[in-house]
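*Asks:* Handing you a structure now.
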Amino acid sequence: MSEIESVLKETRVFPPPPGFSELARIGSEEEYHDLYRQSIEEPDLFWGRVARELPWIEDFHTVLDWSDKPFARWFLGGKLNASAICLDQHLTNGRADKTAIRWEGEPGDLQTFTYAELHQSVCRFANALKARGVKKGDRVAIYMPMIPELTMAVLACARIGAAHSVVFGGFSAQALRDRIEDGGCTAVITADGGWRRGKVLELKKEVDAGIEGLDDVHTVMVVQRTENEVAWRDGRDVWYHEAIEGVSDECAPEPMDSEDLLFLLYTSGSTGKPKGIVHTTGGYMVGAYLSSRYVFDLREDDVYWCTADVGWITGHSYIVYGPLANGATIVMYEGAPTTPHPGRFWELCEKHGVTVFYTAPTAIRTFMRLGEEHPARHDLSSLRLLGTVGEAINPEAWMWYRRVIGGDRCPIVDTWWQTETGGIMLTPLPGVTPTKPGSATWPFFGVDVAILDENGVEEGPNQGGLLCIRKPWPSMLRGIWGDEQRFKDVYWSDVEGCYFAGDGARRDEDGYFWIMGRVDDVINVSGHRLSTMEVESALVSHEKVCESAVVARPDEITGQAICAFITVGQEVEVDDSLRTELAEHVAKEIGKLARPSEMRFTDALPKTRSGKIMRRLLRDVAAGIESAGDTSTIEDYSVLAKLRGHED
Ligand code: WTA
């Protein structure tokens with residue numbers, strides 16, 4: 001409630017800066033409203049026109065088929081190749097010698113690739129994969145540091161029609177294994193290691209452990225990055241630099257059906273194992289292309305930097321596919337934001353002349369804490385547009401971002417979307433939308449969004465409800481890999497006929513959307529989605545743990561932090577070494593990002609009489625507030641009292 005009240009008091013409005021709108025791709029509210037209206041009322045016309053801005057191998061005959069709800073099919077009959085859209089078109093449209101990627105490693109090493117060079121590298125990579133027997137329809141796991149070869153690997157898969165399943169390099173061997181098995185991946189692309197906070201992250205080692213005994217994985221292609229020693233299995237493992245030796249730098253792009261699988265990306269839901277979110281080729285590319293173009297207002301001379309990792313959806317859509325489809329120059333950075341010094345991001349902005357900068361609220365809050373003196377040491381005058389994604393940004397951080405990084409001159413686009421939506425759904429358009437700090441403002445084109453109650457009735461102004469999408473959009477997920485029923489249950493069953501993926505929101509009297517956070521058991525730590533269930537099952541898989549309940553508690557920097565309530569066996573001693581042991585265990589099962597920031601040991605967990613753990617109560621305990629809600633179903637009051645620390 002307190003959060004809702006505080007945003008209710010937000011009355012500041014920032015119109016697009018003078019001068020910005022005149023040059024913007026969309027520069028007036030009328031234009032936005034006209035296009036938006038068309039995108040909703042005449043989707044065939046709108047999306048047909050937008051899609052044909054991209055080069056298709058074969059034109060589509062039908063824009064949308066929504067007869068088999070909730071399975072939408074877009075651009076039927078069309079054939080295209082995502083890598084050709086990102087690369088080949090630019091060889092003949094004047095961008096061949098334009099810089100596609102400016103990359104910097106954490107140690108400060110540099111590489112740049114023009115579109116022509118990137119095209120060659122991707123073709124060679126694709127041919128090397130083909131030579132290993134990777135073919136159309138296969139799934140390839142990619143587990144890499146943020147090096148140019150990661151982008152190349154993604155595009156090389158797309159080029160030959162193999163779907164990629166990128167697994168963030170921070171995940172553990174076990175998490176990687178689960179995803180490889182679920183997706184049925186037959187090849188893995190990795191690196192010996194990557195640089196992170198001055199240390200080598202040994203990725204190949206994790207892969208070796210992760211695929212032990214998985215006989216279906218016939219190839220592990222390894223990019224040499226850190227030159228650390230790696231174990232080797234002959235026949236299965238190949239060095240990338242050897243595999244591309246003498247290989248042709250031409251590889252015709254595989255014509256893909258619009259609805260052919262482009263990639264899987266795993267994400268957490270409130271229950272069960274991670275879901276392999278299915279994205280197909282045509283709709284996804286159209287969505288990524290259009291949203292990049294208008295939300296980031298991409299112009300020919302922009303230097304665009306999205307600080308996400310390609311391992312997340314933000315990296316897929318707004319490092320690789322969207323910006324490259326637009327022929328933009330992108331910056332990629334390997335390392336941590338504060339290595340080797342707290343001003344690293346700002347140094348990079350200055351050095352590479354970044355004009356459009358897209359990052360996460362958690363990073364902004366970290367920089368706020370570190371102090372203004374760090375950005376102040378760098379000339380940030382090249383910046384013209386700022387963006388955020390991943391979680392709600394608090395108005396204070398928004399104002400800091402605007403003033404300290406944006407010099408009060410750059411518009412901020414706070415973009416709400418999800419792995420499932422494939423692209424940005426709620427966002428200001430920088431040349432159009434008067435922004436309010438903390439609000440993701442208005443729907444993007446084609447997004448028919450509403451705040452509904454469980455019965456599908458629209459809520460009034462400022463009434464909180466479920467954030468739902470009523471009509472299909474091109475870049476929407478097509479399903480959960482291998483689980484049709486779960487797709488229907490998870491996304492289409494809360495509100496009849498609507499897509500709902502877990503966020504609560506309200507719309508204010510001016511029609512602005514304010515995201516109020518997840519309504520399910522998903523925790524958002526630093527913009528990374530984790531399910532409480534997954535962390536709990538990691539904890540209870542440790543021999544000393546009997547039971548655990550994991551909840552989110554508010555955190556100033558990371559947005560939310562993981563608080564675990566744990567019961568252990570009677571003979572187990574609770575001390576710091578147990579804490580370390582359990583943290584390590586969670587890191588091994590899922591990855592370091594899932595380690596609880598707080599563990600509270602308790603004799604028992606508060607439960608209802610039917611045996612359900614009362615998470616709502618635990619959330620209050622974790623946040624240090626007295627529960628105001630109904631506790632009448634609690635089985636044993638003393639448990640709660642003990643947890644709160646007063647044994648009355
Ligand atoms: C949250 C990341 C508030 C939200 C692209 C959503 C946000 C989840 C915002 C998706 C935002 C993302 N304001 N909340 N601008 N952007 N979220 O799948 O809870 O990693 O459901 O996709 O992040 O996380 P995901």
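The values are calculated or read from the model by the stated rules, or taken from the named source; none is laboratory data. Not measured: the values here are computed from a predicted model. Using ideal geometry, Cβ is built from the backbone for each residue, glycine included, and neighbour counts are taken over all protein chains shown. All accessible areas refer to the heavy atoms of the entire protein, side chains included, with ligands and DNA or RNA removed. Shrake-Rupley method; radii C 1.70, N 1.55, O 1.52, S 1.80 Å.
*Asks:* Just from the alpha-carbon atoms, what are the Rg and Dmax of the chain in angstroms?
*Replies:* When restricted to the Cα atoms of the chain, Rg and Dmax are 24.2, 77 Å.
*Asks:* Order Arg619, Arg344, Arg553, Arg37, most accessible first, counting only protein heavy atoms with a 1.4 angstrom probe.
*Replies:* So the residues, ranked largest to smallest area, are Arg37, Arg619, Arg553, Arg344.
*Asks:* Of the DSSP beta bridges with both residues in region 333-480, give the percent that are antiparallel, rounding to the nearest 5.
*Replies:* Just about 45 percent of them are antiparallel.
*Asks:* Taking all protein chains together and a probe of 1.4 Å, list Phe71, Phe444 from the most accessible to the least accessible.
*Replies:* Per-residue accessible area, sorted high to low, gives Phe71, Phe444.
*Asks:* Checking the cross-link filter: which lysines have an alpha carbon closer than 22 Å to that of Lys436, excluding same-chain neighbours under 8 positions apart?
*Replies:* Cα-Cα hits under 22 Å: Lys9.
*Asks:* Out of all DSSP beta bridges with both ends in the chain, state the antiparallel percent to the nearest 5.
*Replies:* DSSP beta bridges in the chain are roughly 60 percent antiparallel.
*Asks:* Tabulate in residue order the Karplus-calculated ³J(HN,Hα) for region 559-564, using 6.51 cos²θ - 1.76 cosθ + 1.60 with θ = phi - 60°, rounded to whole Hz; enter x for Gly and Pro.
*Replies:* Those phi angles translate into x, 10, 10, 8, 10, 10 Hz.
*Asks:* Which percent of the accessible heavy-atom area of region 181-234 goes to carbon and sulfur, probe 1.4 angstrom?
*Replies:* 42
*Asks:* Sorted by accessible area (1.4 Å probe), largest first, how do Trp305, Trp56 line up? The partial results should precede the final answer.
*Replies:* Working: Trp305 5, Trp56 40 Å².
Highest to lowest solvent-accessible surface, that is Trp56, Trp305.
*Asks:* Turning to a different aspect of this structure: Test of the criteria: in region 559-593, which GluC sites (Glu not before Pro) are in a DSSP loop and have at most 15 other Cβ atoms within 10 angstrom of their Cβ?
*Replies:* Glu571, Glu573
*Asks:* Show the residues, 5+ positions off or on another chain, whose built amide H is closer than 5 Å to the amide H of Met599.
*Replies:* Those qualifying (amide H under 5 Å, at least 5 residues apart or on another chain) are Ala564.
*Asks:* Would you mind computing the Rg to Rh ratio of region 526-644 from its alpha-carbon coordinates, Kirkwood style for Rh? Don't skip to the end; give the middle numbers.
*Replies:* Numbers: Rg = 14.0 Å, Rh = 14.7 Å.
Using Cα coordinates only, the ratio equals 0.95.
*Asks:* Another question about this same structure. Ignoring ligands, DNA and RNA, what accessible area per residue does region 432-532 give at 1.4 Å, in Å²?
*Replies:* Values: 3400 Å² over 101 residues.
Accessible area per residue, region 432-532: 34 Å².
*Asks:* How large is the dipole of the chain about the Cα centre if only Lys and Arg carry +1 and Asp and Glu carry -1, each at its Cβ, rounded to the nearest 20 debye?
*Replies:* The calculated dipole for the chain is roughly 560 debye.
*Asks:* Taking H as built 1.01 Å from N, whose amide H comes closer than 5 Å to the amide H of Asp555, not counting residues under 5 places away?
*Replies:* Under 5 Å from the amide H of Asp555: Gln560, Ala561.
*Asks:* Another question, then. Which percentage, to the nearest 5, of the DSSP beta bridges contained in region 273-417 is antiparallel? Before the final figure, lay out the partial values.
*Replies:* Numbers: 0 of 14 bridges.
Of those bridges, close to 0 percent are antiparallel.
*Asks:* Suppose all protein chains stay in the model; what accessible area per residue would a 1.4 Å probe give for region 1-90, in Å²?
*Replies:* Values: 4910 Å² over 90 residues.
Counting only protein heavy atoms, the per-residue value for region 1-90 is 55 Å².
*Asks:* Can you run phi through the Karplus equation (6.51, -1.76, 1.60; θ = phi - 60°) for region 231-243 and list ³J(HN,Hα) in whole Hz, with x for Gly and Pro?
*Replies:* Along region 231-243, the couplings run 6, 9, 10, 4, x, 9, 8, 9, 6, 4, 5, 7, 5 Hz.
*Asks:* With +1 assigned to the C-beta of every Lys and Arg and -1 to the C-beta of every Asp and Glu, and no other charges, what is the dipole magnitude of region 1-155 about the Cα centre in debye, to the nearest 20?
*Replies:* It comes to approximately 840 debye.
*Asks:* A further question follows. Below 8 Å between Cα atoms, with a sequence gap of 6+, how large is the relative contact order for the chain in percent?
*Replies:* Computed value for the chain: 13 percent relative contact order.
*Asks:* Still on this model: Please compare each pair in Lys69/Lys471; Lys607/Lys642; Lys135/Lys205; Lys199/Lys592; Lys544/Lys588; Lys79/Lys135 to a cut-off of 19 Å on the Cα-Cα distance and tell me which ones are over it.
*Replies:* Flagged as over cut-off: Lys135/Lys205.
*Asks:* Probe 1.4 Å, all protein chains in place: accessible area of Thr366 in Å², nearest 10?
*Replies:* The value for Thr366 is about 50 Å².
*Asks:* Still on this structure: With a cut-off of at most 15 other beta carbons within 10 Å, and DSSP calling the residue loop, which GluC sites (Glu not before Pro) in region 22-93 qualify? Please list them.
*Replies:* For GluC sites (Glu not before Pro) across region 22-93 that sit outside H, G, I, E and B with at most 15 neighbouring Cβ atoms in 10 Å, the list reads Glu53.
*Asks:* Sticking with this structure for a sec: Could you work out what % of the accessible surface of region 19-156 is carbon and sulfur, using a 1.4 angstrom probe and leaving DNA, RNA and ligands out of the count?
*Replies:* After summing per-atom areas, the C and S share lands at 48 percent.
*Asks:* Do any trypsin sites (Lys or Arg not before Pro) in region 158-230 lie in a loop, going by DSSP, with at most 16 other beta-carbon atoms within 10 Å of their beta carbon, and if so which?
*Replies:* Loop-located and lightly packed - Arg197.
*Asks:* Skip the ligands, DNA and RNA, and give the accessible area per residue of region 205-347 with a 1.4 Å probe, whole Å². If you can, show how the numbers build up before the last one.
*Replies:* Values: 4610 Å² over 143 residues.
Heavy-atom SASA per residue in region 205-347 reads 32 Å².
*Asks:* Right, another one. Per the 1.4 Å probe, what fraction of the accessible area of region 454-547, in percent, lies on carbon and sulfur atoms?
*Replies:* Roughly 45 percent, rounded to a whole number.
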